[in-house]
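Read through the structure below, which is laid out as structure tokens, and then see the notes.
The values are calculated or read from the model by the stated rules, or taken from the named source; none is laboratory data. This structure is a prediction, so every number in the text was calculated from the model and none was measured. For neighbour counting, all protein chains shown are included, and Cβ atoms are generated from backbone atoms with ideal geometry for every residue, glycine included.
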Amino acid sequence: MKELVEYLAKALVNDPDAVEVNEIQGDSASVLELKVAKEDLGRVIGKQGRTAKSIRTIVNAVASRADRKVVLEILEEK
Amino acid sequence: MQTVEAEGPSIDAAIEAALAELGVSRERVAIEILHDAARGFLGIGGRNARVRATIRPMLDTSVLDDDEPVDDVPPPPVLEADDGEEPSPPPTPAIAEPRPPRDATPDRSIDAGTVAHAREVLETILGHIDVEASVRAGTDGDHVTLEIDGDSSGLLIGRKGQMLDALEYIIGRILARDEHRTVHVVVDSQGYRERRQASLEELARRMAAEARRRRRAVTLNPMSPRDRRIVHLALQDEAGLTTRSAGQGHYRKLVIVPDGAPRSSRR
């Protein structure tokens, strides 16, 4: 899951080296923290959040197969 | 332009049959689905799926580059005409050459590189998701078409096709970054888009009949632009009614207005 988000983020941004994903596992849910360069925030969020929403849709579909929930947090790198 | 129609127990089978008849690969043809296979009721009334396949002449220069295996069928006549206009590049191109057709509309045209790239992105995503599925990639002139074969769980379609929508949006954004232009992508799996279109057309006809019967405007639930377009098109030739959209963004709804509806319900 982490690798998937990392791949998508790196393919979307202008500064792939700044992309960082941390996965915090819980019992039935996990949090994915996606960090990107400040200039790239718009690229992973998108117009009216459409890109972020699409990433969440994909991530949640995959997670639901394992009966898990995943929360995707998008953070600004430093 | 070469066109054949073919049948089969499923849409995929019908497409295969059409390709076999034309002797070309999937990327070379535009497929129009005439109707899906129906199982019928109690074994009665079932029918085969039927498709119409048309070889796309413009693809020969713009999509099939050297790295793409070209089928050993004679190229359509259109291509030969193009070849006549295009002189082989001289070692030192001093004079401006006539540009190939695809440069006339640089923003929209899809070349083999773009198709291959789109396919690679989708395959990478599928690899991460860990589903057993293969991708058929092609183009319909101004957008890339990606069809996912083999996922029978419906995971890749999602509720109301939202997974397909998410995939095509993301892939479009990724291509946009890499190519610095807008690339339209359509992702489909198991004929979902066609089934959706058929059910929307059915809904459109039902609601149109309802609007006529009640002589009042009928408002449909909010729908995506793509879905509204299908309904608008389904009803555009219907006499005695008009369709329009009202509302903003996600709440935009399609309204079917029969002629002679009360003014208050028309606005």
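Annotation for segment B:202-216: no member residue is closer than 24 Å to B:ALA166 by Cα, touching a helix residue (DSSP H, G or I) at 6+ places or on another chain (Cβ under 9 Å) and not acidic (Asp, Glu).
Rundown of residues vs (1) surrounded by fewer than 16 Cβ atoms within 10 Å (Cβ to Cβ); (2) in contact with a strand residue (DSSP E or B) (Cβ under 6 Å, 6 or more places away or on another chain); (3) not hydroxyl-bearing (Ser, Thr, Tyr), yes/no style:
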| site | (1), (2), (3) |
| --- | --- |
| B:ARG177 | yes, no, yes |
| B:GLU202 | yes, no, yes |
| B:ARG212 | no, yes, yes |
| B:ALA217 | no, yes, yes |
| B:SER224 | yes, no, no |
| B:ALA234 | no, no, yes |
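Could you check, for segment B:29-48, whether at least one of its residues is over 18 Å from the mean Cα position of the chain (by Cα), at pLDDT 80 or above and either among the β-branched types (Val, Ile, Thr) or not in a helix (DSSP H, G or I) (or both)? Please lay out each step first, then the result.
Step one: list which residues in segment B:29-48 are over 18 Å from the mean Cα position of the chain (by Cα), which gives B:37-48.
Subset that is at pLDDT 80 or above: B:48.
Adding the requirement that they be either among the β-branched types (Val, Ile, Thr) or not in a helix (DSSP H, G or I) (or both) leaves B:48.
Scanning segment B:29-48 turns up at least one residue that is over 18 Å from the mean Cα position of the chain (by Cα), at pLDDT 80 or above and either among the β-branched types (Val, Ile, Thr) or not in a helix (DSSP H, G or I) (or both).
For the condition at pLDDT 85 or above, surrounded by 14 or more Cβ atoms within 10 Å (Cβ to Cβ) and more than 12 Å from every other protein chain (Cβ to nearest Cβ), B:SER189 qualifies.
For B:ILE129, the conditions (1) over 20 Å from A:SER54 (Cβ atoms); (2) among the aliphatic types (A, V, I, L, M); (3) within 10 Å of another protein chain (Cβ to nearest Cβ) are fulfilled apart from (1). Looking at segment B:226-245, which of the residues that are of a type outside the set (A, V, I, L, M, F, W, C) and without any contact (Cβ under 8 Å) to a residue 12 or more places away in the chain is nearest to B:VAL187 (Cα to Cα)? The extreme case among them is B:ARG226.
Is at least one residue of segment A:31-47 in contact with a Lys or Arg (Cβ under 6 Å, 6 or more places away or on another chain) and either surrounded by 18 or more Cβ atoms within 10 Å (Cβ to Cβ) or farther than 12 Å from B:ILE170 by Cα (or both)? Show your work before the answer.
First pass over segment A:31-47, keeping only residues in contact with a Lys or Arg (Cβ under 6 Å, 6 or more places away or on another chain): none.
For segment A:31-47, residues in contact with a Lys or Arg (Cβ under 6 Å, 6 or more places away or on another chain) and either surrounded by 18 or more Cβ atoms within 10 Å (Cβ to Cβ) or farther than 12 Å from B:ILE170 by Cα (or both): absent.
Can you find a residue in segment A:12-25 that is in contact with a Lys or Arg (Cβ under 7 Å, 6 or more places away or on another chain), surrounded by fewer than 16 Cβ atoms within 10 Å (Cβ to Cβ), among the aliphatic types (A, V, I, L, M) and over 23 Å from B:GLU120 (Cα atoms)? Taking every residue of segment A:12-25 in turn, none turns out to be in contact with a Lys or Arg (Cβ under 7 Å, 6 or more places away or on another chain), surrounded by fewer than 16 Cβ atoms within 10 Å (Cβ to Cβ), among the aliphatic types (A, V, I, L, M) and over 23 Å from B:GLU120 (Cα atoms).
Counting just the residues of segment B:236-263 that are at negative phi and within 14 Å of another protein chain (Cβ to nearest Cβ), which one comes out surrounded by the most Cβ atoms within 10 Å (Cβ to Cβ)?
Keep residues of segment B:236-263 that are at negative phi, which gives B:236-239, B:241-246, B:248, B:250-259, B:261-263.
Adding the requirement that they be within 14 Å of another protein chain (Cβ to nearest Cβ) leaves B:248, B:250-252.
Details: B:GLN248: 7, B:HIS250: 9, B:TYR251: 9, B:ARG252: 14.
Taking the candidates together, the pick is B:ARG252.
Taking (1) more than 10 Å from chain A (Cβ to nearest Cβ); (2) under 13 Å from the mean Cα position of the chain (by Cα); (3) of a type outside the set (Gly, Ala, Ser) in turn, B:VAL183 satisfies each apart from (2). Inclusion of B:ARG205 among residues that are farther than 30 Å from B:GLY113 by Cα, of a type in the set (Lys, Arg) and assigned to a helix (DSSP H, G or I) is warranted.
Only one of B:GLY113, B:GLY172, B:GLY161 is under 17 Å from the mean Cα position of the chain (by Cα), of a type in the set (Gly, Ala, Ser), more than 10 Å from every other protein chain (Cβ to nearest Cβ) and outside any strand (DSSP E or B). Can you tell me which? Write out each step before concluding.
Working: B:GLY113 fails: under 17 Å from the mean Cα position of the chain (by Cα); B:GLY172 fails: more than 10 Å from every other protein chain (Cβ to nearest Cβ).
Result of the check over B:GLY113, B:GLY172, B:GLY161: B:GLY161.
Selection of segment A:50-71 for residues being farther than 15 Å from A:GLU23 by Cβ, in contact (Cβ under 8 Å) with a residue 24 or more places away in the chain and in contact with a helix residue (DSSP H, G or I) (Cβ under 8 Å, 6 or more places away or on another chain) yields A:THR51, A:ILE58.
Residues of segment B:159-172 that are farther than 15 Å from B:ARG226 by Cβ and surrounded by fewer than 24 Cβ atoms within 10 Å (Cβ to Cβ): B:ARG159 alone.
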